[in-house]
Every structure is written in structure tokens, then in C-alpha cells.
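The values are calculated or read from the model by the stated rules, or taken from the named source; none is laboratory data. Not measured: the values here are computed from a predicted model. Because the Cβ atoms are built from the backbone with ideal geometry, glycine has one as well, and the counts that use them run over all protein chains shown.
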Amino acid sequence: MNTKEESVKKIKEGFVGQKTILLSALTKKQAAKNELTSKFHLTEMGYYPLAHLHDREREEGSSQYILLYCTEGSGYVEMGTNRYELTPNTYFIIPKNRPHHYGSYQSQPWSIYWAHFVGEHADLIYERYADKNGPDIRPIPYDKKRIDEFNQIISILENSHHSRELEIANISLFHFIASLVYNKETNPAFYDMDAISSSIAFMKQNIHDFFSIEELARQQNLSVSHYSKLFKIKTGHSPVQYFNQLKVHKSCEYLYFSSRSIKEICAELGFEDPYYFSRLFKKCTGLSPSNYKAQYKK
């Protein structure tokens, strides 16, 4: 880990408003023996809102699969040499028995719903998720009903760990995860927005350039109005706002990990006006670039 990161105390849990369900060894054993839940059952789950300084590393991996579903802010998952970026309305499933490290970005702490699960059907649902290309970040449209379903599972387990409640909770969690994995098939209208995923990938690959909304829409063979509407539905932001947020996020990395000056970073990310960049940076992070650099590069 970078020595500058080590200077900031990271935490595994203990966030204001968090919800956590940890099943006892006896309860997990009962779930593993129950005919309805033996092939898929959770071991723990929860919700971490605005999890500032969240950081978790398992050098030996976990014996369970781990779902991370981000609804706000941003963070990352590292496995081997691969790094995956989680942003709002995306999810990732960490495979079992794989060393990993994940955490929330300091500038934009994430809010995540998470769950650990095991069983033969857990293996199968993970295979459907990973497909032939391996694990990756998957976009998912925001749906309040889906959030309510997750919270309902937590509520059930907060009140009882009896066999019937465990059955309901595990069946519901399987349905929840399946709704993520099979969303493309069950919500085809959303995947008319594959062009937006492509556009976001293009933005990330060309983070040092600037593009007009007309150029971005034309690249995806969409009208400006339709492109803008789809982009707003999928991300909650206009294309320009989203691209600017990506640039600010990249500038945070430069400020934290490099010795570049603010002026150099500004130029590298394509900002001709340093004052505009400073205003944008403060709007997104709550700090000016110089204050951010002073606070996090101690």
C-alpha cells in the first residue's frame, strides 16, 4: 500500500447509520442443512452509508462470494493486478477464495449494500454473472423497489433467526442477486442504454480531452436529446456533469499520488481556465485543490 495512504487511518466498519447482520455459526449451520436454503444462503450482509475511509483487505480471500452494490459515491476493488472502479448504480461480485482489497474513495465516499453468500447455487449465479469474461463492474438502473427488498431482508433478520425467517431471507437475497445478474434480460429497455456504458468508457479512456455533447451523442449514433435523456436516467447526471466529475476524480488521484502542481494537473486534464477548474473541484469535493492537497498529502 502507498505510504501516503497508510498515514490516513482506514476502517473496516463503524459508519454512522450502518446496518449489519452477522449470522452465528449455529444459524449458518442450520441454513446449510435446510433443504430450501442449503444450496444458497447468506452468512452476513449490511449497508454502509457514506462510508468515509472504508477499507477492507483479505490476503487469503473469503470462503464466500461478496456482493458490493454501490448507490452513491465511489470506490474500488483490487484483485491481483486488476482494479475495478465502482460508481453509483453499479455492482461487483468478488469470487470466493480470491485475495482482494476494496475501499471507498476519500473524496467521494461510497454508500454500499453488501452481502456474503455461499452454496452450489451461489457458484452457479456467480458463473452467470462472470460469464466468459470474468468478474467486472456491471451497471444496474436505480430501482427503489430493489433497495426496499434488500432493507426488508435486513429487517427480517434483525427480528428473528428462526428457520422460517431464514428461509424467507435467503430466498429473497437469491432473488435480489438474480435481479442484478439477469437485469439485461428482465429489463431490456435499460439496455437500450448500452450506448451510455460505451460513452462512459470512452470518457474514461479520453479523460484528458474535452468533447461537446454533440460529439459524444454522434459517437453513439444518437440524437443529442435522446442521448442526454438516457444518460440522465442511467447516471443521474448530464453528460457534461458526469465527465467533469470523472476529471475531478482523476485530479484527486494526481493530487494524492503525484508531485504534479495544480497548474500541471489542470492542463493535463484539458482545463484551459484554472479558476474554473478550482470552482468545479470545490463544488464536487467541498475543498479547493490546494486545501485537498494539503489535507491528504501529509
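Looking at segment 275-298, which of the residues that are surrounded by fewer than 15 Cβ atoms within 10 Å (Cβ to Cβ) and among the charged types (D, E, K, R) is modelled with the highest pLDDT? So, considering only residues that are surrounded by fewer than 15 Cβ atoms within 10 Å (Cβ to Cβ) and among the charged types (D, E, K, R), the one modelled with the highest pLDDT is Arg279. Listed conditions (1) outside the structural domain of Glu272 (by TED's automatic domain parsing); (2) in a helix (DSSP H, G or I); (3) touching a residue at least 12 places away in the same chain (Cβ under 8 Å) are all met by Glu165, apart from (3). Residues considered: Gly61, Gly46. Of these, the only one that is farther than 28 Å from Gln205 by Cβ, assigned to a strand (DSSP E or B), more than 13 Å from the chain's Cα centre (by Cα) and assigned by TED's automatic domain parsing to the domain that holds Gln152 is Gly46.
When segment 217-263 is filtered for residues that are of a type in the set (Lys, Arg), closer than 15 Å to Ile200 by Cα and surrounded by fewer than 19 Cβ atoms within 10 Å (Cβ to Cβ), the ones remaining, listed by number, are Arg218, Lys229, Lys232, Lys250.
Quick grid of which residues meet (1) of a type outside the set (Lys, Arg); (2) under 30 Å from Tyr242 (Cα atoms); (3) not assigned by TED's automatic domain parsing to the domain that holds Ser38:
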position	(1), (2), (3)
Leu67	yes, yes, no
Gly73	yes, yes, no
Thr81	yes, yes, no
Phe92	yes, yes, no
Ser104	yes, yes, no
Ser111	yes, yes, no
Glu127	yes, no, no
Pro139	yes, yes, no
Arg146	no, yes, no
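Take the conditions at pLDDT 85 or above and surrounded by fewer than 16 Cβ atoms within 10 Å (Cβ to Cβ) and apply them to Glu167. Does it pass? The answer is no for Glu167. Before we move on, is His101 farther than 30 Å from Arg164 by Cα, modelled with pLDDT of 95 or more and surrounded by fewer than 20 Cβ atoms within 10 Å (Cβ to Cβ)? When the stated conditions are applied, His101 passes them. Would you call Tyr182 hydroxyl-bearing (Ser, Thr, Tyr), under 30 Å from Gly286 (Cβ atoms) and surrounded by fewer than 19 Cβ atoms within 10 Å (Cβ to Cβ)? Here the answer is no, as Tyr182 does not meet what is asked. Sub-8 Å Cβ pairs linking a first residue in segment 72-99 that is within 20 Å of Val181 (Cα to Cα) to a second residue that is of a type in the set (Lys, Arg), at least 6 apart or interchain, are Tyr76/Arg83; Val77/Arg83; Asn89/Lys234; Thr90/Arg138; Tyr91/Arg138; Phe92/Arg138, ordered by first then second residue. The residues on offer are Glu268, Glu214, and the sole one that is exposed (fewer than 13 other Cβ atoms within 10 Å of the Cβ), more than 30 Å from Leu157 (Cα to Cα) and over 19 Å from the mean Cα position of the chain (by Cα) is Glu214. You will find that of Tyr276, Tyr256, the residue that is assigned to a helix (DSSP H, G or I), more than 26 Å from Ser199 (Cα to Cα) and either in contact with a His (Cβ under 8 Å, 6 or more places away or on another chain) or in the same structural domain as Gln205 (by TED's automatic domain parsing) (or both) is Tyr256 and no other. Selection of segment 53-62 for residues being out of contact with any His (no Cβ under 9 Å at 6 or more places or on another chain) and surrounded by fewer than 17 Cβ atoms within 10 Å (Cβ to Cβ) yields Leu53, Glu60.
Among the residues of segment 218-249, the one identified as of a type in the set (Gly, Ala, Ser), assigned to a helix (DSSP H, G or I) and touching a residue at least 12 places away in the same chain (Cβ under 8 Å) is Ser228. The single condition among (1) surrounded by fewer than 22 Cβ atoms within 10 Å (Cβ to Cβ); (2) within 26 Å of Asn133 (Cβ to Cβ) that Gln106 does not meet is (2).
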